[in-house]
2 protein chains.
Amino acid sequence: MRVNPDTGEAMKYASFAVVLMLSIPVAAVEGPPTLNLMPVPAQIEFGEAAVEISPNFSVTIEGAGATPRLRGGVQRMLRRLSDRSAIFFDNSTFLQLEGRSMASMVVTAGREGELFLGEDESYRLTITTDGIALQAATDIGALRGLETFLQLLSLDERGVTVPEIAIFDEPRFPWRGLMIDVSRHFMPVAMVKRNLDGMAAVKLNVLHWHLVDDQGFRVETLAWPKLHEQASDGDYYTRAQIHDVIDYAADRGIRVVPEFDLPGHGSAWLTAYPELGSAPGPYEIERSWGIFDPTIIPTIEKTYEFLDAFFAEMAELFDDEFIHIGGDENNGKDWLANPEIVAFMEEQGYAGPLTLQRYFNERVLAILTKYGKRMIGWDEIFEEGLPKNVVIQSWRGRESLFEAARLGYSGILSNGYYIDLIQPTDFHYLNDPLPADSPVTPEEAARILGGEATMWAEYVSPETVDSRIWPRTAAIAERFWSPGRVRDLEDMYRRMDHMSLTLEELGLQHERNRPMMLRRLCQCRNVAALEVLLGAIEPVKVYNRGRLREHTQFSPLTRMVDAAWPDAGPAREFRWAVERLIESDFMDEDDLDAVHTALVTWRDNHAALEATLKTSPALADIGPMSIALTEVSTIGLEALDLASAGTAAKRDWLDLRLDSLDKARESYGQTELMIVDPVVDLVCAVSLPASLTAEGCQEKDAVAVGGDD
Amino acid sequence: MRVNPDTGEAMKYASFAVVLMLSIPVAAVEGPPTLNLMPVPAQIEFGEAAVEISPNFSVTIEGAGATPRLRGGVQRMLRRLSDRSAIFFDNSTFLQLEGRSMASMVVTAGREGELFLGEDESYRLTITTDGIALQAATDIGALRGLETFLQLLSLDERGVTVPEIAIFDEPRFPWRGLMIDVSRHFMPVAMVKRNLDGMAAVKLNVLHWHLVDDQGFRVETLAWPKLHEQASDGDYYTRAQIHDVIDYAADRGIRVVPEFDLPGHGSAWLTAYPELGSAPGPYEIERSWGIFDPTIIPTIEKTYEFLDAFFAEMAELFDDEFIHIGGDENNGKDWLANPEIVAFMEEQGYAGPLTLQRYFNERVLAILTKYGKRMIGWDEIFEEGLPKNVVIQSWRGRESLFEAARLGYSGILSNGYYIDLIQPTDFHYLNDPLPADSPVTPEEAARILGGEATMWAEYVSPETVDSRIWPRTAAIAERFWSPGRVRDLEDMYRRMDHMSLTLEELGLQHERNRPMMLRRLCQCRNVAALEVLLGAIEPVKVYNRGRLREHTQFSPLTRMVDAAWPDAGPAREFRWAVERLIESDFMDEDDLDAVHTALVTWRDNHAALEATLKTSPALADIGPMSIALTEVSTIGLEALDLASAGTAAKRDWLDLRLDSLDKARESYGQTELMIVDPVVDLVCAVSLPASLTAEGCQEKDAVAVGGDD
């Protein structure tokens, strides 16, 4: 299942007369040798020179893999190169790609790649004083290399250049996915397309399209038209739109795996066809979030006749080898409440709903197999005895994948990649589908196919969803593509921050929508103080948002919690600076300056924001967070004063401050203040030896190790 | 042709128990009594109260016009109301619109409106202490009223309220359009849809879709598939997408008029079907901008057989009563170079190409008539003898419309509304299709149907196009909708600035893409100094951009000129403040402060920007503008110093400064500095009496009256 790195024939250089070579050493590039590459390639060798991209830059495509897909990829690359550099290229660059002997860049692809699991995506990219060569076994591999080439582009005092470099690259895992839930909140085609572009930029290769859930059925279905007519509020993809998205994805070397969640999460199915319900109904589209009872009835033949016709159509509409059947979170209630279903279970000697669901899965599997499809589903579908070509997607955890692998089954990991839960990037990044010390044999390890980030859509709209996916998913993509040894957090954050700008080029809205949301909230233009506040707060994590305030499908997703970053950069930089400052015993002047400046900015922010908060009803719930930010920052500044005075704080000062800081952990507007822990560290650090016995200091230390806040 | 304001039956109030009434007077709202309404309604009467929008706000729709279109419009209104206010409404607001006796707002529509020219779009909106009532003769009129209702929403210290008010409103002109050119640069469906939302928000009712030009043929055509296959670079709308856009527009009460430009601008047609060319060919898609020779041959029957099949298909695909045939800018060269065409003209006794084009138009008109369509075309199609139901679109000017009107023909004005030419909003706003002193009879006046803003796409990409259309088109929309007496520029700019934020809600990118473009240019995050520079410069006007630098379809549209506002707010505010300051003899302290602050900010900006400019090759061409800004601002500050000293400047100082200021008019990076004129005014004002004879001062005064810079 691992990718074969064979890239075929020897390099043939064309003449590179038009490429100007500069003798400025690459060492002038700042930062570690990962440059701005994300994901980091498997192997990199650096040269000394920088190669200028000039207006007569041109590209030739060679080999049997010179497909329309690759031509399109090269044209998009050139478009982005021109857009980013503002270079006016010669027209011909865009028009006459082939048959040129004087090209600056030669792209060679051995054959047309196919969009199936395990296809060769490797490439070699060589930039030397002799020219630029990109070689790949398939056109898909070449597409991956074009993205790397764009990431090498430098715009600086030297002009527009790429470094002399030799890269060999291949993915660590063959299944690198992003799941997008379009049921809870419908996402228009434009959202899906711009995210496919983002996926391609970070070398993800599977769009897992969660098309059906309790809150809406999102595909036009000719066989059973009531599905989209009655269970979508009119928000569904037409067949033409599905084709359009699949083509768009294929042009970027991305597979599209549709998910039709069965037999639980059944409200939408059963709103349209209540006769398939395990309960008498009636059913309606679910508007709230959670696990609900509506479940398809598994004990009547009509169900399988229905699903046969359904999957016959979907198998033709979606051309990937896999169909995802969901299978998760069937609570069994409606089954156990139906005497006929209970009787069936007794007849068959089934111990309970789990066994009955196994029966259901086997029937569905038979249908999928008949239509030439492989089945994938969440943990719950797994049982010994299934054909070995079924794939398990684990939301439960790595251990269940290993267990399946031991029994010969392949799987992908999603546990730890739930980007809807607003956890910090490093938490996802350090979560490895296959850590070096995994208790598996090499054969079993090969069955760990990769993973998927999951964008569940309870708390996102088309306006906010990009900011939940990006840029964090770039780091997850690196986990799936790059060697497992690539784990430097500081370097990852540096590169992700740069990658975020690159992702913007593709039309992604993750950065640009935030100021717009702030303007709408205050009905004003000067949002600087709101931005400062956002630098220090984040949405509450995991499942707390729903616990703190009930939301439905119609609730506004336009408040500060929705504008807030999932992994606020200023707060993160502050935490790091505090950590280093304490390590240096308050001696490092850069860190002292950074910490002091941040605290002063935050302390003074409420004064700047107060008038806006008072006149903006949509900001009402965030006021206490602004006050807390001032209070916590004031305490932090007191600590700095004590540190500079050189006298340790007394126990009563410490206790009072720890008490205040503890109160600042309170959530308002479903957000939390991200600078409480580092300020606790500061007050504890300046209170030695008193802090050695203070509960707040110890407590904090015990918690801080985690990572999943 | 004018709209009939008859709104039918008497108001029936439902019970309004759930609407809380506050006794805060409406007078507390700042600004003139136009509030934030744009376009300004025909009649407004103000009350005293403010009505709170509470979480249990609800809407009922009544009358025979309670169509799915109106239901959709109400649901979108509620979505935006909730998004803007962040109110968590009761679910039922979105679900059970009808049959409620306790609704906060009653929407009554007399009948289903039809999307034809002159349909009734009037409405009455009454907000009193007894409740909210929106009444309209048609569902389309009700949609217009819903937009007004949203514009009345206030978010301030009183909470979320609408003012007590009674509005009667109807459009001044029945044809209020926006033309979007999708040939020069293709625009994806998502761009068209978000702009349809913007159009609906300002009550425009015609999307004129310029689908064909020399640079691309953008419609899938079953009859002649080579048109989209060979003349679009793959960038065309499928039939399904066309249907989708038409439905989307119809849901918003907007007609879609397709334009297929004929017989000139023919490169795309003839790339696909060279046998229809007047010259031997071969032809190719044009990549440059201008007027080109390729022209369809009018003298062979094959041309009309081709067009018959073509228009048969398009007449079915597009359901509007009009088809636009272009007809503009046929230079006649290829006709005169073809002996057979010349012979035909001689045979027929035609004086020249103009007469031949008349023949061609008559043949096309016969085809359109056969398929039940009315014809519209640019000035060039006009000739006496045409049927009176043909409509003329004038790019030449008002006079040619009046001439046509005198002969019984209807027309719309586009001259003066060319938003691609980067002229200031007030220039477009004061351009009236039918000024009060127009030399026409009432019957002739009724033939002036309205106008269209034209978004020609030589210098816009999907990324920048919204910023060229919005917010300026909101002011043009007001010209087409509101009474002609509404002409207060300051109030217009105030309302347009607010409207710009409202337009953002709809997904329009005109504000949010600018910082993203700046981040890409500097490959950095701190773009504050670039923003300051953008406040003082604008893209060059009219047709100067192409004169200053040759562009093609592939040139990057990502530089400062593309990020720059067409009507830069800070520069405009500065010009106004200078004007007032001089009028007050430098005594007005607010204006003095505003002018001084702006000049200091601008003077110091280059120091902040210098490092960025040095390291950003994509910013290279804008450097001189940053230096010029500092120089001009320094001169402005010298003038303020002289004013405060109370001594008039000498002639030699004045001459030197005027000379420097004149040099600062030089354009770099296709931008111009917008503060030169007011600084000239400042130095002249402080140089009296020397300035009375200084050429620069007089010259400036003579020029300043214009408006079209």
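The values are calculated or read from the model by the stated rules, or taken from the named source; none is laboratory data. Note that the coordinates shown come from a computational prediction; the quantities given were computed from them, not determined experimentally. No Cβ is skipped: glycine too gets one built from the backbone with ideal geometry, and neighbour counts run over all protein chains shown. We work out accessible area using only protein heavy atoms, side chains counted, and drop any ligands, DNA or RNA first. Shrake-Rupley method; radii C 1.70, N 1.55, O 1.52, S 1.80 Å.
A few remarks follow.
- Placing a label point 7 Å from the Cα of B:Gln348 along the Cα-to-Cβ direction, the residues of the range B:382-401 whose backbone N falls under 17 Å of that point are B:382-387.
- Positive-end residue, chain A charge dipole about Cα centroid, Cβ charges, pick of A:Ser687, A:Val257, A:Leu155: A:Leu155
- For A:Ile132, the residues whose amide H sits under 5 Å from its own are A:Val106, ignoring neighbours fewer than 5 places away on the same chain, with H placed 1.01 Å from N.
- Spacing of the modelled spin labels on A:Arg487 and B:His243, each 7 Å from Cα toward Cβ, amounts to 5.5 nm.
- In the assembly of identical copies, A:Pro387 has its label point, taken 7 Å from Cα in the direction of the beta carbon, separated from the corresponding points by 6.4 nm (ascending, one decimal).
- Counting Lys and Arg as +1 and Asp and Glu as -1 over every other residue whose Cβ lies under 12 Å from the Cβ of B:Leu204, the net charge comes to +1.
- Most positive-pole-ward Cα, A:Val460, A:Thr612, A:Gln698, against dipole of the protein assembly as shown from beta carbon charges: A:Val460
- Annotation: for a label point projected 7 angstrom from Cα along Cα→Cβ of A:Glu62, residues of the range A:166-207 with backbone N closer than 20 Å are A:166-169.
- Within chain A, percent of DSSP bridges classed antiparallel, to nearest 5: 40
- Chains A and B together bury some 4500 Å² of accessible area, summed over both sides, with a 1.4 Å probe.
- Here the 3J(HN,Hα) profile of the range B:281-293, calculated from phi with Karplus coefficients 6.51, -1.76 and 1.60 at θ = phi - 60°, is x, x, 10, 9, 4, 7, 10, 9, 10, x, 10, 10, 7 Hz, Gly and Pro shown as x.
- For peptide A:151-157, the mean count of partner chain Cβ atoms within 10 Å of a residue's Cβ comes to 3.
- Cα gyration tensor shape of chain B, rounded if a/c is under 1.5, else prolate or oblate by comparing a/b with b/c: oblate
- Fraction of alpha-carbon pairs over 21 Å apart in the range A:177-307 - percent: 41
- Amide H to amide H, with H built 1.01 Å from N, B:Val160 comes under 5 Å of B:Ile53, counting only residues 5 or more places away or on other chains.
- For A:Ala279, residues with placed amide H under 5 Å, excluding near neighbours: A:Thr295
- In order along the range B:533-541, the phi-based Karplus estimate (6.51 cos²θ - 1.76 cosθ + 1.60, θ = phi - 60°) of 3J(HN,Hα) comes to 4, 5, x, 10, 10, 9, x, 4, 9 Hz; Gly and Pro are listed as x.
- The range A:348-415: C-alpha gyration tensor shape, a/c 1.5 cut-off, then a/b vs b/c: oblate
- Solvent exposure ordering (accessible area, 1.4 Å, most first) of A:Tyr543, B:Tyr493, A:Tyr459: A:Tyr543, A:Tyr459, B:Tyr493
- Within the protein assembly as shown, percent of DSSP bridges classed antiparallel, to nearest 5: 40
- Centre-to-centre separation between the Cα atoms of the range A:515-569 and those of the range B:586-653: 38 Å.
- Chain B - charge dipole about Cα centre, Lys and Arg +1 at Cβ, Asp and Glu -1, debye rounded to 20: 1220
- Relative contact order of chain A, defined on C-alpha pairs under 8 angstrom at six or more residues apart (%): 11
- Counted as membrane-span-like here are DSSP H helices of chain B whose alpha-carbon atoms extend 15 Å or more along the helix's own axis and whose Kyte-Doolittle mean is -1.0 or above; these are B:139-151, B:189-201, B:239-251, B:301-317, B:353-370, B:489-505, B:569-583, B:589-615, B:623-645.
- Computed from label points 7 Å out along Cα-Cβ, the spacing between A:Ser54 and A:Thr615 is 5.7 nm.
- Carbon plus sulfur fraction of accessible area for the range B:230-271, probe 1.4 Å, in percent: 39
- Nearby lysines by direct alpha-carbon distance to A:Lys193 (threshold 22 angstrom, same-chain neighbours under 8 apart not counted): A:Lys203, B:Lys193
- For the protein assembly as shown: rounded, prolate or oblate by the Cα gyration tensor [a/c cutoff 1.5]: rounded
- Using a Förster distance of 51 Å, the FRET efficiency for A:Gln698-A:Ala312 (Cβ separation, nearest 0.05): 0.20
- Bridging of A:Lys650 to aspartates and glutamates at a Cα separation below 15 Å is possible for A:Glu638, A:Asp641, A:Asp659, A:Glu695, once same-chain residues fewer than 8 apart are set aside.
- Estimated [θ] at 222 nm from DSSP helical runs (n ≥ 4, -39500 (n - 2.57)) normalised by residues in chain A, nearest 500: -12500 deg cm²/dmol
- Here each label is just a point 7 Å from Cα along the line to Cβ, and for A:Glu305 and B:Asp604 those points are 8.1 nm apart.
- Copy-to-copy label separations for A:Asp659, where each label sits 7 Å from Cα toward Cβ, in nm and ascending: 7.5
- Dipole axis of the protein assembly as shown (+1 Lys, Arg; -1 Asp, Glu on Cβ), positive-most option in A:Thr630, B:Ala200, B:Ile376: B:Ile376
- In this calculation the C-beta distance from A:Asp585 to B:Cys524 is compared with R0 = 25 Å, giving a FRET efficiency of 0.15.
- With 0.36 nm allotted per residue and the present C-alpha distance subtracted, the A:Asp437-A:Ala223 stretch has 72.1 nm of extension available.
- Linear extension gain, B:Glu340 paired with B:Arg651, 0.36 nm per residue minus alpha-carbon span: 105.0 nm
- Under 15 Å of direct C-alpha separation, and excluding same-chain neighbours fewer than eight residues apart, B:Lys541 reaches these aspartates and glutamates: B:Asp420, B:Asp426, B:Glu458, B:Asp562, B:Asp567, B:Glu666, B:Glu672, B:Asp708, B:Asp709.
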